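K.L.:
Dropping a structure here in structure tokens format, bear with me for questions.
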Amino acid sequence: KIMPPPKKIALLLPLTGSFAGPGNAIRDGFMAAQQVHKEQQPLDITFYDTEQKNAVALYQQAVNDGADYIVGPLIKQQVAQVAHIPHPVPTLLLNDAEHLQPNSYAYGLSSTNEALQVATQASSKGYKKALIFAPNNEWGSEVVNAFSKEWRQQGGSIVDIFHYNVAADVKEDFNKKIRDFLQVNNSLSRERQIKELL
């Protein structure tokens with residue numbers, strides 16, 4: 001059965017909080033597509049921030065607001081919750097879901113799968129050592145674990161892991177932290193000592 005093109009799309013995305021980066025990237029992609037196709041097929045796109053309200057409640061609100069197509073949520077736990085309720089309109093879940101209701105589809109944007117691909121690609125290019133930069137949160141831990149496991153299976157070793165804070169209220173000087181992590185200051189100090197000796 002061919003579905004008619006949607007006229008009103010609801011996007012259930014994390015637009016604030018620690019997953020705001022991926023959420024806003026997806027939002028920006030939809031907005032760009034809307035601009036490109038605005039004359040051929042005008043679309044009404046409404047955004048719902050899943051960090052501000054329960055995803056199931058937002059799904060029901062989107063249906064009540066007249067959405068004829070729903071995209072989201074993105075975060076795995078929220079996807080699992082929405083996957084279990086009936087979907088009166090076509091629904092594209094943006095993460096893997098174990099149980100899909102009729103009228104729903106899952107599109108995994110799994111960062112752990114991407115981490116596995118990075119490990120495989122880097123190994124195929126002959127790299128054996130890795131430094132990992134990852135956010136200091138649950139998502140970062142999942143990505144680090146997936147990459148580390150695959151990297152070691154490919155014969156690689158992890159030299160060190162740099163965790164950084166992503167919370168908006170935490171102000172960090174990343175330049176200094178990365179210099180310390182890579183021991184750049186020690187190298188600069190050694191360079192100065194050699195110049196003084198020469």
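The values are calculated or read from the model by the stated rules, or taken from the named source; none is laboratory data. Keep in mind that what you see is a predicted model, and the values were worked out from it rather than measured. Cβ: placed from backbone, ideal geometry, glycine included. Neighbour counts: every protein chain shown. Heavy atoms of the whole protein, side chains included, go into the accessibility calculation; ligands, DNA and RNA do not. Shrake-Rupley method; radii C 1.70, N 1.55, O 1.52, S 1.80 Å.
K.L.:
Within the stretch 114-144, track down each residue that is without any contact (Cβ under 8 Å) to a residue 24 or more places away in the chain and of a type in the set (S, T, N, Q).
P.N.:
Residues satisfying the conditions are GLN117, GLN121, SER124, SER141.
K.L.:
Out of all the residues in the stretch 132-185, which are touching a strand residue (DSSP E or B) at 6+ places or on another chain (Cβ under 7 Å), among the aliphatic types (A, V, I, L, M), at pLDDT 85 or above and surrounded by 14 or more Cβ atoms within 10 Å (Cβ to Cβ)?
P.N.:
ILE132, ALA134, VAL143, VAL144, ILE158, ILE161
K.L.:
Is one or more of the residues making up the stretch 55-68 within 15 Å of the chain's Cα centre (by Cα) and either among the charged types (D, E, K, R) or surrounded by 15 or more Cβ atoms within 10 Å (Cβ to Cβ) (or both)?
P.N.:
No; the residues of the stretch 55-68 include none that is within 15 Å of the chain's Cα centre (by Cα) and either among the charged types (D, E, K, R) or surrounded by 15 or more Cβ atoms within 10 Å (Cβ to Cβ) (or both).
K.L.:
Sticking with this structure for a sec: What tally of residues in the stretch 28-54 results from selecting those that are touching a residue at least 12 places away in the same chain (Cβ under 8 Å), farther than 17 Å from THR91 by Cβ and within 20 Å of the chain's Cα centre (by Cα)?
P.N.:
Within the stretch 28-54, residues that are touching a residue at least 12 places away in the same chain (Cβ under 8 Å), farther than 17 Å from THR91 by Cβ and within 20 Å of the chain's Cα centre (by Cα) number 4.
K.L.:
Looking at (1) out of contact with any Gly (no Cβ under 7 Å at 6 or more places or on another chain); (2) farther than 15 Å from TYR69 by Cα, which one does THR46 not meet, given that it meets all the others?
P.N.:
If we test THR46 against (1) out of contact with any Gly (no Cβ under 7 Å at 6 or more places or on another chain); (2) farther than 15 Å from TYR69 by Cα, just (2) comes out false.
K.L.:
Follow-up question, since we're still on this one. From PRO73, PRO14, PRO22, PRO6, which residue is surrounded by 16 or more Cβ atoms within 10 Å (Cβ to Cβ), over 15 Å from LEU94 (Cβ atoms) and in contact (Cβ under 8 Å) with a residue 24 or more places away in the chain?
P.N.:
That would be PRO6, the only listed residue that is surrounded by 16 or more Cβ atoms within 10 Å (Cβ to Cβ), over 15 Å from LEU94 (Cβ atoms) and in contact (Cβ under 8 Å) with a residue 24 or more places away in the chain.
K.L.:
Please verify whether the stretch 82-90 includes one or more residues that are over 24 Å from PHE181 (Cα atoms), within 22 Å of the chain's Cα centre (by Cα) and open to solvent by less than 40 Å² (accessible area, probe 1.4 Å).
P.N.:
Checking the stretch 82-90: at least one residue is over 24 Å from PHE181 (Cα atoms), within 22 Å of the chain's Cα centre (by Cα) and open to solvent by less than 40 Å² (accessible area, probe 1.4 Å).
K.L.:
Output the residues belonging to the stretch 92-131 that are open to solvent by less than 50 Å² (accessible area, probe 1.4 Å) and either among the β-branched types (Val, Ile, Thr) or part of a helix (DSSP H, G or I) (or both).
P.N.:
SER111, THR112, ALA115, ALA119, ALA122, SER123
K.L.:
Kindly provide the set of residues from the stretch 25-54 that are small (Gly, Ala, Ser) and either surrounded by 15 or more Cβ atoms within 10 Å (Cβ to Cβ) or under 23 Å from VAL166 (Cα atoms) (or both), ordered by number.
P.N.:
ALA25, GLY29
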